[in-house]
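Below you'll find the structure, written out as structure tokens, and then a few comments.
The values are calculated or read from the model by the stated rules, or taken from the named source; none is laboratory data. Please read these numbers as outputs of a predicted model, since none were measured by experiment. Note that we place each Cβ from the backbone using ideal geometry, even for glycine, and neighbour counts take in every protein chain shown.
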Amino acid sequence: MIALEPLGRHEFDRVAHIAVAPEQEGFCGTIAGHFEMNEPGCDFHVVTRDGQPVGFFKIDRDYAAQYGFAQPDEVGLRGVMIDHAEQGRGTGKAAMLALRPYLLAHYPQARACVLTVNIVNLPARAVYLAAGFQDDGGLHHGGRIGPQHILRMDLSITALT
């Protein structure tokens, strides 16, 4: 079973083994890199399969301060990675399908969740869209590897009906 859980900054050893293929690191970074960053507005989370850590992501509560396309009542999804040995098993898709209820429970003040995904990263974009993110056609041109689609998931209660 795939589950999402908060991850403390002191729990590096729990997720240190998680790594993506080298060609994917430009999109999501590395576990060590995320733990080294000084980002007090970011919360860490772990993706588990049957209790074992297989993925990682951050929720950025200060996303709007860095990205002009985000609103103050939106959180940002960043650094999503599923371990290379776990890829192809539906784990990423299951994790992103579990994201909306998880965010509703852990970030009730957030109206939406926003992310950027590189225009060449078609598999990731497809997973996000299947999980309920929507692409309004906007592009972010500040990415390290080129333009990125801006995707948004509505977290308002009215989006449930």
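List of remarks:
- Flag for Glu23 being surrounded by fewer than 16 Cβ atoms within 10 Å (Cβ to Cβ) and either aliphatic (A, V, I, L, M) or more than 18 Å from Gly142 (Cβ to Cβ) (or both): yes
Here's the yes/no breakdown for (1) surrounded by fewer than 18 Cβ atoms within 10 Å (Cβ to Cβ); (2) aliphatic (A, V, I, L, M); (3) touching a Pro at 6+ places or on another chain (Cβ under 6 Å); (4) over 24 Å from Val20 (Cα atoms):
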residue: Asp73; (1), (2), (3), (4): yes, no, no, yes
residue: Met81; (1), (2), (3), (4): no, yes, no, no
residue: Ala110; (1), (2), (3), (4): no, yes, no, yes
residue: Ile119; (1), (2), (3), (4): yes, yes, yes, no
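Each row is one residue, and each column tells you yes or no for (1) closer than 24 Å to Ile145 by Cβ; (2) aliphatic (A, V, I, L, M).
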{"residue": "Asp43", "(1), (2)": "no, no"}
{"residue": "Val47", "(1), (2)": "yes, yes"}
{"residue": "Lys58", "(1), (2)": "yes, no"}
{"residue": "Asp62", "(1), (2)": "yes, no"}
{"residue": "Leu103", "(1), (2)": "no, yes"}
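- Ala105 fulfils the conditions (1) among the small types (Gly, Ala, Ser); (2) at pLDDT below 95; (3) surrounded by fewer than 16 Cβ atoms within 10 Å (Cβ to Cβ) except for a single criterion, (2).
- Taken over segment 138-161, the criterion of being of a type in the set (A, V, I, L, M, F, W, C), modelled with pLDDT of 95 or more and assigned to a strand (DSSP E or B) is satisfied by Ile150, Leu151, Met153.
- For Ile82: the one exception among (1) over 16 Å from Phe133 (Cα atoms); (2) more than 12 Å from the chain's Cα centre (by Cα): (2)
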